[in-house]
Amino acid sequence: MKTFRNLDQIFKMTVKWEQEIKDLYDIAAYGVKNEQSKELVNFLKKNQQAHMKILNNLNLRDYGSVEYVQFAKDSHVKDEIPVHAITKDTPPLEIFENVIKYEQKLKKFYAKIAGALVSESQTELFESLVQFKENQVEYIRNFIKRNYEDVLTV
């Protein structure tokens, strides 16, 4: 199991997970047939691509030391991010629900890291990741409410 020991490791894993959510959006773009669903997926995909561009160009050292993070609790990858099989044949509502679960896990992880950091700039960086995930989840939830209300059993 992967245990995080410094901020550089955490950030590299963050970029990897963000790429995985982008890959989920790519699969979802093929899986959804409804035009409104396609518009949502394309919007989310576009946001994610812009987000990925920022992350890939970010120099973590600009936010302070990335050395040993002694105050961060051990985190194991499989405990943080759920594994879901989404294919082009997965129904749209199931795709959106799985994407929400994934986004929420990322949000929870980023919040945990933000809460463990002492550097204000590093904390703000991870809080901005939390906010981005929050916005993505809210956007999807609103779409589900508007378009799948008759299917929901909540």
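For first residues located in the stretch 46-57 and under 13 Å from Phe11 (Cβ atoms), partners that are among the polar types (S, T, N, Q) and surrounded by 16 or more Cβ atoms within 10 Å (Cβ to Cβ) and lie 6+ apart or on another chain with Cβ distances below 9 Å form the pairs Leu55/Thr14. The condition of being at pLDDT 90 or above and either touching a strand residue (DSSP E or B) at 6+ places or on another chain (Cβ under 7 Å) or part of a helix (DSSP H, G or I) (or both) holds for only one of Lys112, Lys78, Lys101, Lys133, that being Lys133. Within the stretch 123-136, the set of residues being open to solvent by 10 Å² or more (accessible area, probe 1.4 Å) and of a type outside the set (Gly, Ala, Ser) comprises Thr123, Glu124, Leu125, Glu127, Val130, Gln131, Phe132, Glu134, Asn135. Checking each residue in the stretch 87-107 for being within 12 Å of the chain's Cα centre (by Cα) and either crowded, with 19+ Cβ neighbours inside 10 Å or in contact (Cβ under 8 Å) with a residue 24 or more places away in the chain (or both) picks out Asn98, Val99, Ile100, Tyr102, Glu103, Gln104, Lys105, Leu106, Lys107. When the stretch 115-130 is filtered for residues that are of a type in the set (A, V, I, L, M) and in a helix (DSSP H, G or I), the ones remaining, listed by number, are Ala116, Leu125, Leu129, Val130.
The values are calculated or read from the model by the stated rules, or taken from the named source; none is laboratory data. Quick caveat: nothing in here was measured; it's all calculated off a predicted structure. For neighbour counting, all protein chains shown are included, and Cβ atoms are generated from backbone atoms with ideal geometry for every residue, glycine included. Please note that ligands, DNA and RNA were not included when accessible areas were found on the heavy atoms of the full protein model with its side chains. Shrake-Rupley method; radii C 1.70, N 1.55, O 1.52, S 1.80 Å.
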